[in-house]
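The values are calculated or read from the model by the stated rules, or taken from the named source; none is laboratory data. Keep in mind it's a predicted model, so treat the numbers as computed, not measured. Methodologically, a virtual Cβ is constructed for each residue, glycine included, from the backbone with ideal geometry; neighbour enumeration extends over all protein chains shown. For the accessible areas, the whole protein counts, side chains as well, though only heavy atoms, and no ligand, DNA or RNA atoms are used. Shrake-Rupley method; radii C 1.70, N 1.55, O 1.52, S 1.80 Å.
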Amino acid sequence: MQNQPQSPSLARQLYQMTWPMLFGVLSLMTFQLTDSAFVGQLGRDPLAALGFTVPMQQLVSGMYVGLGIATTAIISRTLGQGDNLRAQRLGGLVVTIGASLALILCLSVWLLQTGILNFLGADDQLRPAIREYWVPWLMSAWLGALLYFGYAVCRANGDTKLPGYMMIATSLLNIALDPLYIFVFGWGLPGAAWATITAFGIGALVVFPALVRRQWLRFDLLQLQLAKAIKQLGGIMAPAMVSQLMPPLSAMLATSLVAGFGSAAVAAWGLGTRLEFFSIVVVLALTMSMPPMIGRMLGAGELDNIRKLVRIAVRFVVVWQLMLGLVWLTASGLVSTLFSRDADVQDILLSYLLRVPLSYSGLGVCMLMVSINNALGLPMRALLISTLRLFACYLPLLWLGAQVSGLTGLMSGALIGNLFAGVMAYSLYRQGMTRLRQKYPAT
């Protein structure tokens with residue numbers, strides 16, 4: 001009887017931590033969709049060029065999300081131990097290491113662009129547009145990573161409102177600048193990236209002074225026992241980062257498969273992928289809000305509360321994503337005409353919306369399980385989930401569907417693969433919880 005009132009309390013805590021992230025991430029997805037809508041008015045080739053950028057964007061974001069996971073785990077744990085000064089220095093270390101890694105990754109993408117575009121199967125006629133866009137886009141990607149590290153430090157200190165509000169503000173600014181830069185100034189596709197640079201730059205000028213004022217950042221890193229701190233950070237960051245890099249690798253391989261069906265298919269697939277980002281916004285918010293809660297519960301040995309919290313989240317995700325999939329199916333005709341004027345792109349996007357969104361419940365559960373296992377101190381299990389999703393569920397069925405029934409078969413393969421991945425991920429989480437119960441037998 002003592003545990004009965006805890007579930008509503010857990011649900012309220014989850015709601016309070018999640019709603020700022022929900023609106024923040026939703027605003028980011030909205031500006032990305034708006035970018036696609038504006039670029040779609042420029043024609044098929046700019047839209048296809050944007051489509052080839054999506055997997056590389058996922059690659060960069062996978063790196064900084066992986067570091068953000070480690071940031072939340074380590075700083076929140078340190079604060080729980082009452083060592084505020086060390087937590088501040090860890091925040092400075094995260095920003096320093098993260099900015100450096102993001103810069104190296106962005107420079108590497110630029111230097112290796114020829115090989116990357118060959119691997120993705122980009123047509124020669126598209127490459128000048130892609131190269132012209134990638135210069136400002138990589139700058140915006142670095143600024144986005146820097147801003148994300150600031151958000152991660154906020155979340156680790158228990159504040160989800162500042163990141164949520166800033167995500168909304170920067171997204172609205174980006175949307176306002178898009179038509180100005182793309183059409184009025186005549187910058188075309190690169191104008192979308194310059195709008196993002198402006199918005200993220202202003203966001204960074206707001207967030208980082210706020211972090212310093214709140215004393216959540218210190219850069220006297222030599223006082224931190226750097227070797228020990230970096231080892232601690234790397235122990236969580238490395239598998240978490242590899243786990244986060246699995247989806248962009250999957251996206252690159254999927255784009256390579258889709259490229260075999262022509263530029264219209266790539267353009268439609270890129271639009272579909274952006275709609276997918278928009279569709280899983282609730283899941284993304286939960287993956288940001290749940291780890292601090294789970295980390296505190298794990299430190300207190302409250303495995304029963306963790307199990308209840310996860311069950312609440314999983315049930316919500318399954319129902320919500322199924323409802324959203326039905327919405328996309330119902331609105332598929334309207335959406336396909338809204339985002340492109342090209343008839344071929346419209347037809348392919350329509351086919352995508354009739355199939356793939358119905359699998360977002362499985363995809364959402366899989367993403368949630370990766371985040372939860374990292375928070376539980378099981379980063380290798382999280383990595384296993386991401387790997388199996390890629391090599392055992394999603395890509396094999398994508399390829400098999402393409403072989404059996406062409407492009408529509410490929411999309412049906414995505415549907416089945418995502419659903420299989422969700423079942424597999426939840427099964428592995430339950431196995432992990434069983435092992436943790438052996439470590440915390442009193443809970």
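Things worth noting here:
Yes/no matrix, rows are residues, columns are (1) assigned to a loop (DSSP other than H, G, I, E, B); (2) of a type outside the set (D, E, K, R); (3) at negative phi; (4) free of Cβ contacts under 8 Å to residues at least 60 places away in the same chain:
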| residue | (1), (2), (3), (4) |
| --- | --- |
| Ala264 | no, yes, yes, no |
| Trp269 | no, yes, yes, no |
| Val282 | no, yes, yes, no |
| Pro292 | no, yes, yes, no |
| Arg296 | no, no, yes, no |
| Leu324 | no, yes, yes, yes |
| Thr337 | no, yes, yes, yes |
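- The condition of being closer than 29 Å to Leu271 by Cα, among the polar types (S, T, N, Q) and open to solvent by 10 Å² or more (accessible area, probe 1.4 Å) holds for only one of Thr387, Thr434, that being Thr387.
- Qualifying residue in the stretch 59-68 (condition: touching a residue at least 60 places away in the same chain (Cβ under 8 Å) and over 27 Å from Met246 (Cα atoms)): no
- Among the residues making up the stretch 34-53, those that are open to solvent by 10 Å² or more (accessible area, probe 1.4 Å) and part of a helix (DSSP H, G or I) are Thr34, Asp35, Ala37, Phe38, Arg44, Asp45, Pro46.
- Only one entry of Arg218, Arg213 meets the criterion of being touching a residue at least 12 places away in the same chain (Cβ under 8 Å) and open to solvent by 40 Å² or more (accessible area, probe 1.4 Å), and that entry is Arg218.
- Screening the candidates Arg355, Arg381 for the property of being among the charged types (D, E, K, R), crowded, with 17+ Cβ neighbours inside 10 Å and closer than 22 Å to Trp269 by Cα yields one hit, Arg355.
- From Leu363, Leu376, residue being hydrophobic (A, V, I, L, M, F, W, C), modelled with pLDDT under 90 and open to solvent by less than 40 Å² (accessible area, probe 1.4 Å): Leu376
- Check on Ala254, small (Gly, Ala, Ser), touching an Asp or Glu at 6+ places or on another chain (Cβ under 8 Å), surrounded by 19 or more Cβ atoms within 10 Å (Cβ to Cβ) and modelled with pLDDT of 75 or more: no
- Taking the criterion of being part of a helix (DSSP H, G or I), touching a residue at least 40 places away in the same chain (Cβ under 8 Å), surrounded by fewer than 17 Cβ atoms within 10 Å (Cβ to Cβ) and of a type outside the set (Ser, Thr, Tyr), the residues of the stretch 157-182 that qualify are Lys161, Leu172, Pro179.
- Checked against (1) surrounded by 22 or more Cβ atoms within 10 Å (Cβ to Cβ); (2) in contact (Cβ under 8 Å) with a residue 60 or more places away in the chain; (3) more than 23 Å from Gln431 (Cβ to Cβ), Ala229 meets all criteria but (1).
- Out of Ala421, Ala425, Ala414, Ala392, sole residue that is open to solvent by 10 Å² or more (accessible area, probe 1.4 Å) and outside any loop (DSSP other than H, G, I, E, B): Ala392
- Which numbered condition Val206 misses (of (1) touching a helix residue (DSSP H, G or I) at 6+ places or on another chain (Cβ under 9 Å); (2) in a helix (DSSP H, G or I); (3) modelled with pLDDT under 95): (3)
- Only one entry in Ala141, Ala145, Ala152, Ala122 is crowded, with 22+ Cβ neighbours inside 10 Å, in a loop (DSSP other than H, G, I, E, B) and either at pLDDT below 95 or out of contact with any Pro (no Cβ under 7 Å at 6 or more places or on another chain) (or both), namely Ala122.
- Counted residues, the stretch 183-201 - those being open to solvent by 50 Å² or more (accessible area, probe 1.4 Å) and within 23 Å of the chain's Cα centre (by Cα): 1
- Restricting attention to the stretch 125-138, the residues that are buried (at least 24 other Cβ atoms within 10 Å of the Cβ) and free of Cβ contacts under 8 Å to residues at least 12 places away in the same chain add up to 0.
- Val317 vs. criteria within 30 Å of Ala48 (Cβ to Cβ) and either among the aliphatic types (A, V, I, L, M) or in contact (Cβ under 8 Å) with a residue 40 or more places away in the chain (or both): no
- Search result, residues across the stretch 86-119 that are open to solvent by less than 50 Å² (accessible area, probe 1.4 Å), under 30 Å from Gln225 (Cα atoms) and not small (Gly, Ala, Ser): Arg86, Gln88, Arg89, Leu90, Leu93, Val94, Val95, Ile97, Leu105, Cys106
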